[in-house]
Structures are given as C-alpha cells and as structure tokens.
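Participant: Quick one: the structure is below, questions incoming.
The values are calculated or read from the model by the stated rules, or taken from the named source; none is laboratory data. On a predicted model such as this, the values are computed, not experimentally measured, just so you know. Backbone-built Cβ (ideal geometry, glycine too); neighbour counts: all protein chains shown. Remember, those area values only see protein heavy atoms, side chains included, never the ligands or the DNA or RNA. Shrake-Rupley method; radii C 1.70, N 1.55, O 1.52, S 1.80 Å.
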Amino acid sequence: MRVLYLTRCANKFSAYEDFDCKEDLFKDGKFSFLEKKRREAFKLLKAKKPKEGGPLWRIYKDKFWEGLHMYVMPKAVKERIFERTIVLHPIMGMLSPEDKVCKWDVSCQYKNMSFWKEDISNYMSNDDFLVFNFLPASFEKFLPKDIKLVSFKYTIKDRPMKDSSLAKAYTMRYIVEKDITSIEAFKKINFLDFVVSDIKEEGQNIVVHMNSEGKYSVKKAGII
C-alpha cells in the first residue's frame with residue numbers, strides 16, 4: 001500500500017522567488033499530464049500572470065506550511081515529503097511540494113478546487129493508497145469515497161480547536177519523520193502534550209482523535 005499526504009496550497013506568499021514566470025510551467029513536474037486542463041483552469045479563473053515564483057514549499061506562507069519547517073528537515077525526510085505529498089491547487093490541480101509554481105492571486109479555498117474533483121478522484125482511486133488527510137474540514141466532501149483515508153481531529157481540554165492548521169503541520173511532520181503507515185503506529189503519535197485519545201474506523205475512513213491539556217502554546221511551540 002502506497003502512502004500519500006494530502007494538503008493544499010496557501011493564500012499567502014513568502015518573499016522568496018527564484019523563477020521567472022515568463023517560462024511555461026504547466027507542462028512541468030510530476031503531474032505534467034494535467035497540462036491541458038491547467039491551461040483551461042488558468043483562463044477560467046482569469047488569473048493574472050505574476051513575474052515571479054519558485055518551489056511550492058518555499059513560496060507558500062501560512063500556518064501549515066510554516067509549521068512544517070521544511071527548510072530544516074533532514075534531506076531524507078524532505079525527499080519523502082516530495083515523493084508522497086499531493087498539494088491541491090486551483091490552477092495546477094495537483095503538485096508535489098518541490099514543483100515550481102507562480103505567485104498567482106487565486107484562492108486556495110474549496111470553491112476554487114471543484115474544477116479538479118474528477119481528476120483528483122481518478123488519481124487517488126487508481127492505486128492502493130493510504131491517504132493522510134491534512135486538508136481543512138470543508139474539503140471532506142471533495143474526496144473520493146473509495147480510498148482509505150486517515151483524518152485527524154484536535155481538541156484542547158476536550159474542546160475542538162478553532163484553527164488546527166499548526167497542529168496538522170506538527171502531526172504531518174511526526175508521521176513523515178517516523179514513516180508511520182499502520183493503525184498500531186497511529187497510537188504513538190504525539191507532539192507538545194497532544195496524544196491520541198481515540199481512533200475510530202468507519203468503513204474506509206479512520207479518524208484519529210488527538211487531545212491536549214493545553215500545557216503548551218501551539219503558536220509558540222516552534223520547531224518540534
């Protein structure tokens with residue numbers, strides 16, 4: 001069974017850039033077979049072509065991408081992320097974090113991804129994948145029903161977290177570093193004082209519940 005980590009692009013950019021967007025990148029990267037539809041999406045979203053871009057993991061800036069701290073990861077761990085991660089993008093459809101992307105002014109919210117639903121479903125249903133879902137809850141109806149999906153729910157003192165972006169980033173980093181692939185190993189996931197409180201299986205879906213006593217500030221945690 002192959003492992004995938006599923007996330008999305010961000011709505012904010014860092015100052016980093018090392019790519020001239022005059023070049024054509026629609027036909028580049030692991031998902032180059034999406035070239036034709038990428039051009040359609042670009043026109044549909046009426047995106048303006050910016051001057052600069054760079055590797056996805058370097059130019060996106062939000063709580064999740066910053067929380068991964070990929071720039072200090074060991075090379076082997078970073079390569080595992082490059083190999084296994086699918087980043088959803090409204091223009092490019094699917095990307096690896098190492099793929100180059102322009103700083104388009106388009107939203108990474110669910111409503112702009114619907115154009116790609118069939119392609120994403122076909123790709124993930126075409127192999128025996130175990131998919132770790134780090135998307136916002138609003139994306140749940142977007143995902144195919146026939147894949148084995150692992151999602152995470154977070155509570156602090158038994159109350160749901162309002163924004164679990166950083167917690168998801170820390171969870172993903174732990175899973176990647178430990179190369180976790182089994183239900184038994186899910187029970188060991190921990191960071192700060194978050195621990196697994198329950199694991200529920202419903203058909204193909206596995207939901208890992210993680211609870212914190214609130215002893216540490218997630219925002220101030222820094223690198224784990």
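Participant: Confirm whether LYS63 is open to solvent by 60 Å² or more (accessible area, probe 1.4 Å) and farther than 20 Å from LYS141 by Cα.
Facilitator: Details: open to solvent by 60 Å² or more (accessible area, probe 1.4 Å): yes; farther than 20 Å from LYS141 by Cα: yes.
The answer is yes for LYS63.
Matching residues to (1) part of a helix (DSSP H, G or I); (2) open to solvent by 10 Å² or more (accessible area, probe 1.4 Å); (3) at positive phi; (4) of a type in the set (D, E, K, R):
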| position | (1), (2), (3), (4) |
| --- | --- |
| VAL106 | no, yes, no, no |
| ILE120 | yes, no, no, no |
| LYS145 | no, yes, no, yes |
| VAL150 | no, no, no, no |
| ALA169 | yes, no, no, no |
| VAL176 | yes, no, no, no |
| THR181 | no, yes, no, no |
| VAL195 | no, yes, no, no |
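Participant: Condition (residue is touching a residue at least 40 places away in the same chain (Cβ under 8 Å) and more than 17 Å from GLU98 (Cα to Cα)) applied to the stretch 25-39: is it met by at least one residue? Explain how you work it out, then say what you get.
Facilitator: Initially, the stretch 25-39 is screened for residues touching a residue at least 40 places away in the same chain (Cβ under 8 Å), giving 25-26, 28-31, 34, 37-38.
Of the ones still in play, those that are also more than 17 Å from GLU98 (Cα to Cα) are 37-38.
Yes, because at least one residue in the stretch 25-39 is touching a residue at least 40 places away in the same chain (Cβ under 8 Å) and more than 17 Å from GLU98 (Cα to Cα).
Participant: For the stretch 43-93, which positions are part of a helix (DSSP H, G or I) and in contact (Cβ under 8 Å) with a residue 60 or more places away in the chain?
Facilitator: First, pick out the residues of the stretch 43-93 that are part of a helix (DSSP H, G or I): 43-44, 56-59, 63-68, 70-72, 75-84.
Residues satisfying the conditions are LEU44, LYS63, PHE64, TRP65, GLU66, GLY67, LEU68, VAL72, VAL77, ARG80, ILE81, ARG84.
Okay, residues lined up against (1) in contact (Cβ under 8 Å) with a residue 60 or more places away in the chain; (2) surrounded by fewer than 19 Cβ atoms within 10 Å (Cβ to Cβ); (3) more than 27 Å from GLY93 (Cβ to Cβ); (4) of a type in the set (Val, Ile, Thr):
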| residue | (1), (2), (3), (4) |
| --- | --- |
| SER138 | no, yes, no, no |
| PHE142 | no, yes, no, no |
| LEU192 | no, yes, yes, no |
| ILE206 | no, no, no, yes |
